[in-house]
Structures are given as C-alpha cells and as structure tokens.
Amino acid sequence: MRALFAQAYGSAPAIVARAPGRVEFIGNHTDYNGGAVLGAAIDRFVWVAAAPNAAGRFRLRSTSGSTPLELAASPTTRLTGAEAWANYPIGVWHSLRDFNLPAPAGFDLLVHSNLPAGAGLSSSAALELATALALLNLARPTAIAPERLAALGRHAENKYVGVPCGILDQGTSAFGRAGQLVQIDCRTSAFSLVPLPMAAHLWVFNTREKHALIDGLYATRHQECLSAASALGVKWLADLTPEQLAPLKPKLSPVLARRAEHIAAEHARVHATVVALQQNDLTAVGRLLTASHRSSQHLFENSTASLDQLVDLLTAHPAIYGARLTGGGFGGAVLALTRADFTAAQAAEILAPYTAAHGAPAETLHLQTADGARLAPND
C-alpha cells in the first residue's frame, strides 16, 4: 500500500488501515428488524492509505480503476455516476464530524481491495471502517472502540450513501476474530463471539450478478418490514416468535405476511444455529443454513434463479452441510458450509451444470475467518 500510494501521489502515506469483508453466516435481513445475526469477518480486505493534504483538498483514488476525484471541499450532496464510489469515504469524513471526532481538513486517499465488489461480502463496510481508522488517526492519533467504529460506519452508509442497512456489516468487520463468528444482538448492539468448529470450512460462490442495494430492492424490503411491524403493533418484527406471529398474519397483506414470517423464523434460526455450533453439530447447522435460504427464496423473495441453482447443486453433495445466499440478496453470492476435506476440484465438478447454463463458472472463494479492522504497523 505504501508503494502504491507513493506511485499515485508522489510521497509516502502517513497512515495505512485495513478492514475485512464479511460473510453473513445466518440472519438474513434480521439486523434492521431488531433481531440477532451471525457474521464472519473473512480474509479478504479493503486497505486505505492516507496522507494530509496541505491545501485542504480532498483527493481520492482507487486501484480498481474507479474515477479519481479531486475536490476543493467535501461535497454536501451525494456524488453520482462514476464518482459515486467516493460517497463512502466522504460520508465517513462527514460522520467523524457528526460523532465529534477529529477529521483532517484535507487528505489524499488511496483504496485497494481484494474483495469482489457486488458479491454480498460487504466491501462497502470494509471501506468505511478502514477509511474511518485512517482519517481519524491522520487528524490525531485516537483510539476508538469497535462498537463506536461500527456505529460510525453504519451512520455513514445510512446518512451519506443512502443504504438503510443495519449493524451487521460494520459490526462484523469491526469485531471479527480468527476462528470465531460474531454474534450481534442488533436491538442493543451487543456483540459476542461464537467459536466456529475447526472441522467447518467456509466457501463462497459468487454469481457475479450485480448486487446493488441502492438501485435494487433492499430499501423496498426495509419499508415492507417497517409496515408489517406497524400493522402488527410491535416495534420490531423480531419481537414475535413464529408461534406468536401465526395467528396475527391475517392482519397483513399476503406480501407483508411473507416478509414477517421470514423475519420471525430467521431470528429463531440464528439462536438455534448458535446452540448447534456450541454442540459442534455441523449437520444441524447446515440444515438451518439451507432452511434460511429457502425462506429467503420463497418468503422474503430476495433470491435469484442463479442463487437458487447454486444452492440446489451444492446441498446435493455429501461434503456440504448446507448453503444459503449471503448478504442482502438480489444477486451476489452463496455461502456453503463444508467439511474440511472439500476441494476446489469438487466445487468445479458440482457446479458444472451452473457453468454450462451461464457460460461462465461462479467465482469460487475458500475463506478463512479473520481479525477485524485495524491500523497497519508503522514500519
């Protein structure tokens, strides 16, 4: 990163920070519904290098080929088109000020990532957290608790990017630990760690379908859940168990009833998954993951034909405990929980019908859990 920054700006960066992407293990759309969720920080990252800009300008570049920007001052309205990627770091800069934290008057910033964009692995949250650590410490060396770092990143995405996300993405990226899953009570923003058995491995299969939460249906699902909760007289859909919801569904339209049923059942599945992990029952965990996907497919309707085909193919294999879409849906990727001896060659063989149908294989990632956002050593 230091070499790339020097190549881009002609001098060394003052700060380098890194934040991991995340896999939503289970808890699809439960986060903004007051429920619980399990996530895993993964060994794919966004790096941000930064230096002060003496002229007070904002210069932003990315190694991905995104349009570079140079601004005399931070914009007060969202950027659009090819410049829209900069809403994330600029939103973080505004959020530092909203949180009464130090922010540099001007900065040069370079972003690099090995996270596949649009795969539902939350490259956006990783960018927010790495940017927050870099800009905060560029202004003044400052320690920040992971809870506050996650809240700041979420604030940036909600207010300045316009995605009404919950705390899952930023919380997992902030709290991640190798060998652990991050459990989040999204109602109270309480975080805890749940060991992932060593015999379990995580594989992600990216359809490469554009996973566009702003332009897609994420905001629509968010509003449908709010409407369902209001009609049922509860603050959060996760306040209701499936048994409590069942006699209340006639109060809802068929669409809202399906959304509410998914959230109530998914919240229960999260807690059941934690118990199964604690008991080292990976077969039960796999069943819960696949049940989560079927609920997303039929009740929340945020899956796609490509995601469904991947889940069908994967779950038919004896080395795979279970599979489900991961992230917001409407494209993106499938997570599979596999035995330790599962191989890329097996994956390619399983997915041959998918490749034949789509003319290209799904991008295949064998992932490890990873530690959360942090500054790079200054050496």
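In the set P89, P52, P75, P102, only one residue is of a type outside the set (F, W, Y), under 28 Å from P141 (Cβ atoms) and modelled with pLDDT under 95; that residue is P75. Among the residues that make up region 186-205, is at least one of them in contact with a Cys (Cβ under 8 Å, 6 or more places away or on another chain) and either more than 24 Å from L307 (Cβ to Cβ) or among the polar types (S, T, N, Q) (or both)? No, the conditions are met nowhere in region 186-205. Among T30, T77, which is surrounded by fewer than 21 Cβ atoms within 10 Å (Cβ to Cβ) and of a type in the set (S, T, Y)? After applying the criteria, what remains is T77. Number of residues in region 241-279 that are in a helix (DSSP H, G or I) and in contact (Cβ under 8 Å) with a residue 24 or more places away in the chain equals 22. Selection over region 291-349 of residues that are under 18 Å from H262 (Cβ atoms) and in a helix (DSSP H, G or I) gives a count of 13. Restricting attention to region 228-240 and to residues that are without any contact (Cβ under 8 Å) to a residue 24 or more places away in the chain and of a type in the set (G, A, S), the residue that is surrounded by the fewest Cβ atoms within 10 Å (Cβ to Cβ) turns out to be G233. Modelled with pLDDT of 95 or more and either closer than 30 Å to S303 by Cα or touching a Cys at 6+ places or on another chain (Cβ under 9 Å) (or both) - does that describe any residue in region 1-20? For region 1-20, residues modelled with pLDDT of 95 or more and either closer than 30 Å to S303 by Cα or touching a Cys at 6+ places or on another chain (Cβ under 9 Å) (or both): present. Taking region 1-66 as the region of interest, the strands (runs of 3 or more DSSP E) fully inside it that hold 3 or more residues being within 30 Å of G332 (Cβ to Cβ) and of a type in the set (D, E, K, R) are 15-26. Against the test of being out of contact with any strand residue (DSSP E or B) (no Cβ under 8 Å at 6 or more places or on another chain) and in the same structural domain as C186 (by TED's automatic domain parsing), the options L60, L71, L38, L101 yield a single qualifying residue, L101. Filter region 7-33 for residues that are under 20 Å from S123 (Cα atoms) and either basic (K, R) or without any contact (Cβ under 8 Å) to a residue 24 or more places away in the chain (or both) and give the result. Scanning region 7-33 gives R18, R22. Restricting T338, T326 to residues that are among the β-branched types (V, I, T), within 24 Å of the chain's Cα centre (by Cα) and at pLDDT 95 or above narrows the list to T338.
Within region 134-163, take every residue that is over 20 Å from V16 (Cβ atoms) and among the β-branched types (V, I, T) and give me the one that is modelled with the highest pLDDT. Taking the candidates together, the pick is V161. Here V285 clears all of (1) within 22 Å of R208 (Cα to Cα); (2) part of a helix (DSSP H, G or I); (3) touching a Gly at 6+ places or on another chain (Cβ under 9 Å) except the condition numbered (1). Within region 332-346, one or more residues are touching a Gly at 6+ places or on another chain (Cβ under 8 Å) and within 27 Å of L133 (Cβ to Cβ). Residues in region 212-240 that are charged (D, E, K, R), in a loop (DSSP other than H, G, I, E, B) and modelled with pLDDT of 95 or more: 1 in all. Each residue in region 298-353 was checked for being closer than 28 Å to D31 by Cα and of a type in the set (G, A, S), and 12 pass.
For region 86-115, taking the residues that are hydrophobic (A, V, I, L, M, F, W, C), part of a helix (DSSP H, G or I) and in contact (Cβ under 8 Å) with a residue 60 or more places away in the chain, the one that is surrounded by the most Cβ atoms within 10 Å (Cβ to Cβ) is identified as V92. Whether any residue in region 348-371 is crowded, with 19+ Cβ neighbours inside 10 Å, over 19 Å from A199 (Cα atoms), touching a Lys or Arg at 6+ places or on another chain (Cβ under 7 Å) and modelled with pLDDT under 95 is what I want to check. No, every residue in region 348-371 fails to be crowded, with 19+ Cβ neighbours inside 10 Å, over 19 Å from A199 (Cα atoms), touching a Lys or Arg at 6+ places or on another chain (Cβ under 7 Å) and modelled with pLDDT under 95. Residues in region 136-188 that are closer than 17 Å to P89 by Cβ and hydroxyl-bearing (S, T, Y): Y160, S173.
In this structure, A305 qualifies as surrounded by fewer than 19 Cβ atoms within 10 Å (Cβ to Cβ), of a type in the set (A, V, I, L, M) and either under 23 Å from the mean Cα position of the chain (by Cα) or modelled with pLDDT under 95 (or both).
The values are calculated or read from the model by the stated rules, or taken from the named source; none is laboratory data. All values derive from a computational prediction rather than experimental measurement. We place every Cβ from the backbone using ideal geometry, glycine too, and count neighbours over all the protein chains shown.
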